[in-house]
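Below: the structure, in structure tokens.
The values are calculated or read from the model by the stated rules, or taken from the named source; none is laboratory data. In this text, all values refer to a predicted model and were calculated from it rather than measured experimentally. No Cβ is skipped: glycine too gets one built from the backbone with ideal geometry, and neighbour counts run over all protein chains shown.
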Amino acid sequence: MTVARKASGGATPTPAGFERSSGVFGRLTRLAETLLAPAKAQITILIDGKPWRSHDPENTLGDKATLTEMAIAAGKPVWIADAREHPRFRDSVYVTGEKGLRMIVAAPIRLPDGAVPGALVVGAREPRKRDAELEARLMDIADLCADEWLRVQSQAAQERSQQESRAVRQVLGAIIDSAPLSLLMLDAELHIMGASRRWLESRDVTRRAAIGRKLTDIMPQAKAWQPTFDRCLAGEAIQSDRGEVEGPDGSTQWVRTELTPWRDADGEVAGIIVASHDITDMVEALEASERSEERLKLALEISEIHVWEMDYIRRELTKVGAEDTFFTEPLSYRDLLRDIWGGVDPRDLPAAQAMWERHLRDGTPYNPEYRTIRSDGKVVWAAGSARMITDENGRVVRLIGALQNITERKQAEQALVRAKEEAEAATRAKSAFLATMSHEIRTPLNGVLGMAQAMARDELAGPQRERLDVIRQSGEALLAILNDVLDLSKIEAGKLELEETEFDIGELARAAQATFAATAQAKGVKFELKVAPSARGLYLGDTVRVRQILYNLVSNALKFTDKGKVKVGVARRGGSLVLKVSDSGIGIAPEKLATLFQKFEQADASTTRRYGGTGLGLAICRELAGMMGGAITAESKLGAGAIFTVELPLKKLSDSQRPAPAPRSDSGAAPEGRALRVLAAEDNPMNQLVLKTLLAQIGVEPVIVGDGRAAVAAWAREPWDLILMDVQMPELDGPSATAEIRAREAAEGRPRTPIVALTANAMDHQVSEYRAAGMDDFVAKPIEAGRLFEAVLAAAEQSEAAQAAAAA
């Protein structure tokens with residue numbers, strides 16, 4: 001419900017404002033009650049359509065703004081002589097109920113502007129006819145209510161104005177304090193009315209101490225500025241580019257100042273606003289520059305900087321510095337006016353001109369670097385800078401520029417580029433060398449270790465067995481060194497990539513125990529393995545690298561332990577897999593622990609002489625653990641063994657363990673009992689012999705060809721269960737031959753023949769290339785017999801599955 005007419009002017013009072021006035025309204029309602037005693041009265045005012053009542057919070061009269069609305073609508077008193085006979089109120093509980101109201105009068109509260117915001121409502125238990133005199137008295141009380149309404153309204157408007165004024169002052173104060181200038185507000189008598197934080201700090205005075213005081217009390221020298229203040233108070237805005245003032249400590253300060261008159265509400269000048277900017281540093285620098293012009297010229301010449309300025313008004317050129325660095329002959333104003341780009345190398349001119357156009361268009365800083373060509377043919381690299389100065393009408397008046405000789409820097413940059421290219425070439429050469437070394441060392445090692453593995457299955461006498469073990473161990477040691485060097489090279493080059501595969505940690509640990517059991521037994525060292533139940537299960541990680549870390553630590557423990565025991569523990573702590581390898585060996589001195597994981601470091605030089613090794617294994621383990629997000633630590637005392645702990649935050653997939661693999665026969669039998677048909681492409685006669693010898697031990701007699709072209713031809717003539725493909729061969733290399741076979745299989749609809757790469761180049765990126773060419777697997781050289789047999793047997797199973805699928 002709204003009032004009949006909105007009150008003009010002022011602010012609408014809030015209910016809180018009425019509450020503060022409730023005493024007055026209460027007295028007015030009690031006065032109304034005395035006129036009809038016994039009676040009940042209340043004042044109802046509609047605020048935003050909601051009734052506010054005074055004196056009667058329990059709403060004794062039951063007025064839900066109905067009577068008030070009637071009085072507002074009528075604009076005059078509403079007199080109900082007997083509510084029981086009134087059609088609108090006779091059924092009201094306030095009439096028929098306990099309260100039993102009979103006579104009700106609502107006198108409108110009328111404001112001077114005609115607005116009616118509410119009404120004075122009075123009710124009695126006895127019916128009563130309209131009484132003009134009583135009605136007039138009630139209207140008098142309603143008029144008093146209107147007066148109180150106006151007072152409350154005025155008070156609310158005043159409070160709001162004060163709040164807004166405080167807010168404005170706070171905002172202005174914040175703006176003044178955050179301004180990059182010193183601001184001061186003075187009245188006409190030069191009393192300080194306001195000051196910014198910067199001004200107060202510059203005068204070393206607090207705000208409390210400054211406000212209200214005369215400026216001359218804080219700055220006595222301001223007395224000399226009275227004529228300037230008088231001009232400003234007369235209405236003139238005054239600007240001073242450079243003025244000297246005395247600081248509070250007696251020092252000289254230089255300021256750029258603007259004085260602006262401020263006016264009161266009547267438009268009269270009421271004071272001065274002083275805005276000043278401290279330019280002391282600038283002035284001192286300028287004075288120092290003026291005092292040392294010759295030194296500046298010398299410095300510019302030494303720095304090979306040439307500064308120039310074209311004055312288009314005076315038509316003159318001012319220049320200082322190393323002009324002769326860039327130009328054979330001094331240039332004049334006319335020379336630059338005719339061709340300001342003269343001397344710029346044509347190769348760099350378009351870029352320099354384009355940058356200048358951008359500078360003119362949007363103000364982008366002009367700072368090109370280009371070559372200049374002197375008339376004597378000498379080329380000088382220059383870093384340029386220029387700025388166009390215009391007047392208030394946009395007319396160009398000056399052009400300021402500078403050139404700095406950066407020839408040495410450019411030569412250094414070019415040398416750096418060459419050095420980078422040479423370093424990259426060296427890196428490529430290093431990679432090529434490592435690949436070549438890997439191939440050239442693995443190839444003869446293949447013969448040594450391959451034949452040693454073959455002979456190990458023969459019946460040998462004791463001395464022959466010992467000599468064979470020496471050959472095998474020496475070859476394996478050389479292979480381990482080669483692998484360490486290659487791994488370290490990949491780590492340093494950032495090319496070693498981790499893979500994520502599922503693996504059983506218990507299976508991996510048991511494999512380590514089986515691998516080193518013979519070594520431990522030969523040394524008389526007890527070898528224990530304990531896998532905690534909470535650690536058992538399948539994990540996601542790089543199986544090869546986890547195995548490499550564990551095997552390296554176990555190998556070291558056995559190497560440095562001559563008696564006692566080596567213990568491998570597997571546990572789970574938090575979210576990490578924990579591998580712990582402890583031994584009762586020679587131990588490590590505390591001062592050596594800090595460098596133990598550095599490259600080429602061992603406990604001491606005698607360790608290398610006695611036990612061998614390159615000192616790379618632990619460094620590689622640390623790098624691998626770090627790449628997995630984990631760490632490796634060592635604890636030891638000299639003579640008391642050592643404990644190495646590896647923590648790897650690997651995701652555990654499940655608590656279940658893989659079933660032990662079913663034992664597989666070393667037989668090379670193919671499906672249906674026939675001999676496995678194996679084609680071996682190998683160009684090296686020694687490697688051919690190794691293949692024949694090793695495969696013969698599982699009943700496989702391979703067909704040997706000497707190059708990739710012959711391998712493709714042999715495949716085309718007849719089907720094979722497996723192709724062993726050397727990578728580097730004449731005529732056609734292994735990957736190319738494989739790609740051709742795969743293409744022809746697809747074109748001719750032939751079954752896929754398993755192809756296993758035989759390679760001395762077994763770095764990760766190389767293996768990826770082999771798989772991309774279509775090879776299914778690889779066996780690294782030197783060939784490990786078990787790995788070769790595993791590949792052959794896998795091929796046999798794959799061939800059987802393919803034939804079964806074709807038959808179906």
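For the structure I just gave you, tell me whether LYS420 is surrounded by 12 or more Cβ atoms within 10 Å (Cβ to Cβ) and not assigned by TED's automatic domain parsing to the domain that holds THR318. No. Scanning region 50-89 for residues that are at pLDDT below 85 and touching a helix residue (DSSP H, G or I) at 6+ places or on another chain (Cβ under 6 Å) returns TRP52, SER54, HIS55, GLY62, ALA83, PHE89.
So, of the residues in region 744-779 that are part of a loop (DSSP other than H, G, I, E, B) and small (Gly, Ala, Ser), which turns out to be modelled with the lowest pLDDT? If you could, list the steps in order and put the result at the bottom.
Pass one, region 744-779, residues part of a loop (DSSP other than H, G, I, E, B): 749-754, 760-763, 774-776.
Within this subset, residues satisfying the condition of being small (Gly, Ala, Ser) are 749, 760, 762, 774.
Details: GLY749: 89, ALA760: 76, ALA762: 67, GLY774: 93.
Residue satisfying both the conditions and the ranking: ALA762.
Whether a residue is on the phi < 0 side of the Ramachandran plot, assigned to a loop (DSSP other than H, G, I, E, B) and modelled with pLDDT of 80 or more was assessed, and ALA640 passes this test.
Of the residues that sit in region 726-738 and are outside any helix (DSSP H, G or I) and touching a strand residue (DSSP E or B) at 6+ places or on another chain (Cβ under 7 Å), which one is nearest to VAL700 (Cα to Cα)? Even if it seems obvious, please write down each step before you answer.
Residues of region 726-738 outside any helix (DSSP H, G or I): 726-733.
Then keep just the ones that are touching a strand residue (DSSP E or B) at 6+ places or on another chain (Cβ under 7 Å); that gives 726-727, 729.
On the way: ASP726: 18, VAL727: 22, MET729: 23 Å.
This residue is ASP726.
Can you tell me which of ARG387, ARG374 is more than 15 Å from MET310 (Cβ to Cβ) and not hydroxyl-bearing (Ser, Thr, Tyr)? Give the steps one after another, and end with the answer.
On the way: ARG387 fails: more than 15 Å from MET310 (Cβ to Cβ).
So the residue among ARG387, ARG374 that is more than 15 Å from MET310 (Cβ to Cβ) and not hydroxyl-bearing (Ser, Thr, Tyr) is ARG374.
Provide a single number: the residues in region 237-271 that are more than 25 Å from VAL205 (Cα to Cα) and of a type in the set (Lys, Arg). Total satisfying the criteria: 1.
Has region 373-380 got at least one residue that is crowded, with 16+ Cβ neighbours inside 10 Å and at negative phi? If you could, list the steps in order and put the result at the bottom.
Of the residues in region 373-380, the ones crowded, with 16+ Cβ neighbours inside 10 Å are 373, 380.
Filter again for at negative phi, leaving 373, 380.
Scanning region 373-380 turns up at least one residue that is crowded, with 16+ Cβ neighbours inside 10 Å and at negative phi.
Applying the criterion of at least 2 residues that are surrounded by fewer than 14 Cβ atoms within 10 Å (Cβ to Cβ) and in contact with a strand residue (DSSP E or B) (Cβ under 6 Å, 6 or more places away or on another chain) to the strands (runs of 3 or more DSSP E) found wholly in region 143-247 leaves 238-246.
Please enumerate the residues belonging to region 129-140 that are among the aliphatic types (A, V, I, L, M) and touching a strand residue (DSSP E or B) at 6+ places or on another chain (Cβ under 6 Å).
At the first step, the residues of region 129-140 found to be among the aliphatic types (A, V, I, L, M) are 132, 134, 136, 138-139.
Listed by number, the residues that qualify are LEU138, MET139.
Got a sec? Which helices (runs of 4 or more DSSP H) wholly within region 304-386 have at least 1 residues that are more than 49 Å from the chain's Cα centre (by Cα) and of a type in the set (D, E, K, R)? First the steps, then the outcome.
On the way: elements: 323-326, 333-338, 349-362.
Correct list: 323-326, 333-338.
Determine which member of the set ILE723, ILE741 is part of a strand (DSSP E or B), over 48 Å from the mean Cα position of the chain (by Cα) and at pLDDT 85 or above. That would be ILE723, the only listed residue that is part of a strand (DSSP E or B), over 48 Å from the mean Cα position of the chain (by Cα) and at pLDDT 85 or above.
Please indicate, with yes or no, whether at least one residue in region 768-786 is β-branched (Val, Ile, Thr) and free of Cβ contacts under 8 Å to residues at least 60 places away in the same chain.
Filtering region 768-786 down to residues β-branched (Val, Ile, Thr) leaves 779, 783.
The next check asks that each one be free of Cβ contacts under 8 Å to residues at least 60 places away in the same chain; those that pass are 779.
Within region 768-786, one or more residues are β-branched (Val, Ile, Thr) and free of Cβ contacts under 8 Å to residues at least 60 places away in the same chain.
For region 767-796, residues that are in contact with a strand residue (DSSP E or B) (Cβ under 9 Å, 6 or more places away or on another chain) and within 14 Å of MET725 (Cβ to Cβ) total 17.
The set of residues in region 334-352 that are over 19 Å from ASN367 (Cβ atoms) and either touching a Lys or Arg at 6+ places or on another chain (Cβ under 6 Å) or among the small types (Gly, Ala, Ser) (or both) contains only GLY342.
The C-beta contact set for region 272-290 (first residue part of a helix (DSSP H, G or I), second residue modelled with pLDDT of 80 or more, distance under 6 angstrom, 6+ apart or interchain) comprises THR280/GLN253; THR280/TRP254; VAL283/TRP254. Of the numbered criteria (1) assigned to a strand (DSSP E or B); (2) more than 18 Å from GLY626 (Cβ to Cβ); (3) of a type in the set (A, V, I, L, M, F, W, C), the one ILE588 fails is (1).
Quick one: in region 672-691, of everything that is among the acidic types (Asp, Glu) and at pLDDT 90 or above, which residue is surrounded by the most Cβ atoms within 10 Å (Cβ to Cβ)? Steps first, answer last, please.
Of the residues in region 672-691, the ones among the acidic types (Asp, Glu) are 672, 682-683.
After this cut, where a residue has to be at pLDDT 90 or above as well, the list is 682-683.
Details: GLU682: 24, ASP683: 18.
Step by step, filter region 672-691, then rank; the result is GLU682.
The set of residues from region 574-585 being surrounded by fewer than 20 Cβ atoms within 10 Å (Cβ to Cβ) and either of a type in the set (A, V, I, L, M) or within 22 Å of ALA512 (Cα to Cα) (or both) comprises SER576, VAL578, LYS580.
Scan region 601-635 for residues that are more than 20 Å from LEU496 (Cα to Cα), modelled with pLDDT of 80 or more and in a helix (DSSP H, G or I) and the total you get is 0.
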